[in-house]
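Inspection log for the structure reproduced underneath, given as structure tokens.
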């Protein structure tokens, strides 16, 4: 089964019914995620399985366009309100220019509240 790996549960987002992750865009990652739209992934946090989620959408853009047009997405995704801190975080992961915005829908997790 496909996996989406996280080193940190930014803004506790992995427990939400819908969550995003912003990843550095490479041709390989683009192909992988486009080929796996509507596929179920194991969600792994620090090598620990925490649930399953379906990849709902993938959008490619630049970090600058998100900063300019949708800074609130960065705040919700990271849990930070300071754009300098957000940019420093993405720089740490090498996501400074072209990025992919992946949207997942949790389908199996003990920590999600049914609404």
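The values are calculated or read from the model by the stated rules, or taken from the named source; none is laboratory data. If you're wondering where the values come from, they're calculated on a predicted model, not measured in any experiment. Here the Cβ positions follow ideal geometry from the backbone for every residue, glycine too, while neighbour counts run over all protein chains shown.
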Do we have residue 96 as modelled with pLDDT under 95 and farther than 18 Å from residue 3 by Cβ here? yes
Please go through the stretch 42-69 and give me each residue that is closer than 17 Å to residue 25 by Cβ, surrounded by fewer than 15 Cβ atoms within 10 Å (Cβ to Cβ) and under 15 Å from the mean Cα position of the chain (by Cα), ordered by number. 57, 59, 60, 62
List, please: which pairs have Cβ atoms under 9 Å, are six or more places apart or on different chains, and start with a residue in the stretch 22-39 that is at negative phi and touching a residue at least 60 places away in the same chain (Cβ under 8 Å) and end with one that is loosely packed, with under 15 Cβ neighbours inside 10 Å and assigned to a loop (DSSP other than H, G, I, E, B)? 22/93; 23/93; 24/93; 24/94; 24/96; 24/97; 25/97
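Go through the residues of the stretch 81-93 one by one and say whether even a single one is under 11 Å from the mean Cα position of the chain (by Cα) and either in a strand (DSSP E or B) or surrounded by fewer than 16 Cβ atoms within 10 Å (Cβ to Cβ) (or both).
Start the filter on the stretch 81-93 by keeping residues that are under 11 Å from the mean Cα position of the chain (by Cα), which leaves none.
No, the stretch 81-93 contains no residue that is under 11 Å from the mean Cα position of the chain (by Cα) and either in a strand (DSSP E or B) or surrounded by fewer than 16 Cβ atoms within 10 Å (Cβ to Cβ) (or both).
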Conditions first: (1) in contact with a strand residue (DSSP E or B) (Cβ under 7 Å, 6 or more places away or on another chain); (2) closer than 16 Å to residue 1 by Cα; (3) without any contact (Cβ under 8 Å) to a residue 60 or more places away in the chain. Residue 57 passes all but one, so which condition is the exception? (2)
Going by the structure shown, is residue 12 in contact (Cβ under 8 Å) with a residue 60 or more places away in the chain, loosely packed, with under 11 Cβ neighbours inside 10 Å and over 11 Å from the mean Cα position of the chain (by Cα)? yes
How many residues of the stretch 43-67 are under 16 Å from residue 100 (Cβ atoms), in a strand (DSSP E or B) and in contact with a helix residue (DSSP H, G or I) (Cβ under 7 Å, 6 or more places away or on another chain)? The answer is 3
